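First the structure, in the form of structure tokens, and then the observations on it.
The values are calculated or read from the model by the stated rules, or taken from the named source; none is laboratory data. On a predicted model such as this, the values are computed, not experimentally measured, just so you know. FYI the Cβ positions are ideal-geometry reconstructions off the backbone, even for glycines, and counts take in every protein chain you see.
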């Protein structure tokens, strides 16, 4: 049965559908030895020879779902032209080819999902699921209530406002304040840019929650495999959401307290 090439590449665990489309447009995909650059192109994996960068595209032998506590100083890509470390360097024992679901910036820490299940990754990143992602943000100086209100209501990025966010002060420091910011969009560098839009300079940024998933017990650089039930639960409507009206004490306990400033690991952002 013929399927779109980007779907076949994604199902093989090579890249997400979006990344697969970029591979096709860049001329990196061949079918029966011929370069294919049309996004609508199809092939039948049972009869056609499909390759990316000369490597055969084969169905993944098993689906893996990985939760990684990403340290700062790692690229959320499979390779880096500048030779910087990438997140898969932290998974030497994982023999299957896996790739990140979405991205965290080089200097951003925290919860990152990786998989070789292209359909799962594609569904997670689709806007209709509105999965909450919570970040702890240390900002330089003091935060004013007016800035928190602006972040809650949405700020203009690229000519359109962000969706309303859940924002609260979680640590009132002498020199730096900590905020919890929860969003369900996935725009490029969104939390950093939201803070910049209200004149807040980010010193440290860490994702602490993705839907109902947290990093309990995982130190920076450590990972664990998700169960099939955990992976599927993220795709259940409403399963990845938490009420904005939850008591502060419960939310703090569930999300975990922000790391102490004296316990920072890895490189710190200079933005």
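Scanning the range 190-215 for residues that are at pLDDT 95 or above, in contact with a strand residue (DSSP E or B) (Cβ under 9 Å, 6 or more places away or on another chain) and in a loop (DSSP other than H, G, I, E, B) gives 200, 201.
For residue 9, indicate whether it is under 18 Å from residue 94 (Cα atoms), in contact (Cβ under 8 Å) with a residue 24 or more places away in the chain, buried (at least 20 other Cβ atoms within 10 Å of the Cβ) and touching a strand residue (DSSP E or B) at 6+ places or on another chain (Cβ under 8 Å).
Numbers: under 18 Å from residue 94 (Cα atoms): no; in contact (Cβ under 8 Å) with a residue 24 or more places away in the chain: yes; buried (at least 20 other Cβ atoms within 10 Å of the Cβ): yes; touching a strand residue (DSSP E or B) at 6+ places or on another chain (Cβ under 8 Å): yes.
Against the criterion (under 18 Å from residue 94 (Cα atoms), in contact (Cβ under 8 Å) with a residue 24 or more places away in the chain, buried (at least 20 other Cβ atoms within 10 Å of the Cβ) and touching a strand residue (DSSP E or B) at 6+ places or on another chain (Cβ under 8 Å)), residue 9 does not qualify.
Given the structure, is residue 235 at pLDDT 95 or above, assigned by TED's automatic domain parsing to the domain that holds residue 91 and surrounded by fewer than 19 Cβ atoms within 10 Å (Cβ to Cβ)? No, not satisfied.
Only a single item in (1) in a loop (DSSP other than H, G, I, E, B); (2) under 25 Å from residue 222 (Cα atoms) is not met by residue 138, and it is number (1). Just one of the listed residues (98, 87) is touching a residue at least 40 places away in the same chain (Cβ under 8 Å), within 25 Å of residue 212 (Cβ to Cβ), buried (at least 21 other Cβ atoms within 10 Å of the Cβ) and out of contact with any helix residue (DSSP H, G or I) (no Cβ under 6 Å at 6 or more places or on another chain), namely 98. Across the range 14-39, the qualifying residues are those that are out of contact with any strand residue (DSSP E or B) (no Cβ under 7 Å at 6 or more places or on another chain) and in a loop (DSSP other than H, G, I, E, B), and the one among them that is nearest to residue 88 (Cα to Cα) is 26. When the range 114-132 is limited to residues that are within 12 Å of the chain's Cα centre (by Cα) and part of a loop (DSSP other than H, G, I, E, B), the one that is surrounded by the fewest Cβ atoms within 10 Å (Cβ to Cβ) turns out to be 132.
Out of curiosity, is residue 149 surrounded by fewer than 22 Cβ atoms within 10 Å (Cβ to Cβ) and either under 30 Å from residue 86 (Cα atoms) or in contact with a helix residue (DSSP H, G or I) (Cβ under 9 Å, 6 or more places away or on another chain) (or both)? The answer is no for residue 149. Of note, residue 104 does not satisfy the criterion of being in contact with a strand residue (DSSP E or B) (Cβ under 6 Å, 6 or more places away or on another chain), in the same structural domain as residue 228 (by TED's automatic domain parsing), in a strand (DSSP E or B) and surrounded by 12 or more Cβ atoms within 10 Å (Cβ to Cβ).
Taking the conditions exactly as written (buried (at least 22 other Cβ atoms within 10 Å of the Cβ) and at positive phi), does residue 73 satisfy them or not?
Numbers: buried (at least 22 other Cβ atoms within 10 Å of the Cβ): no; at positive phi: yes.
Here the answer is no, as residue 73 does not meet what is asked.
Of the residues making up the range 198-206, at least one is closer than 23 Å to residue 70 by Cα and surrounded by fewer than 16 Cβ atoms within 10 Å (Cβ to Cβ). For residue 145, the criteria (1) at pLDDT 95 or above; (2) in contact with a strand residue (DSSP E or B) (Cβ under 8 Å, 6 or more places away or on another chain); (3) under 29 Å from residue 201 (Cβ atoms) hold in every case but one, which is (2).
Name the single residue that is surrounded by the most Cβ atoms within 10 Å (Cβ to Cβ) among those in the range 165-187 being in contact (Cβ under 8 Å) with a residue 40 or more places away in the chain and assigned to a loop (DSSP other than H, G, I, E, B). It would help to see each step written out before you state the result.
Here is the first cut: in the range 165-187, the ones in contact (Cβ under 8 Å) with a residue 40 or more places away in the chain are 166, 168, 170-171, 173, 176, 178-186.
If we keep only those that are assigned to a loop (DSSP other than H, G, I, E, B) too, we end up with 173, 184-186.
Numbers: 173: 13, 184: 17, 185: 14, 186: 14.
Across the range 165-187, the extreme among qualifying residues is 184.
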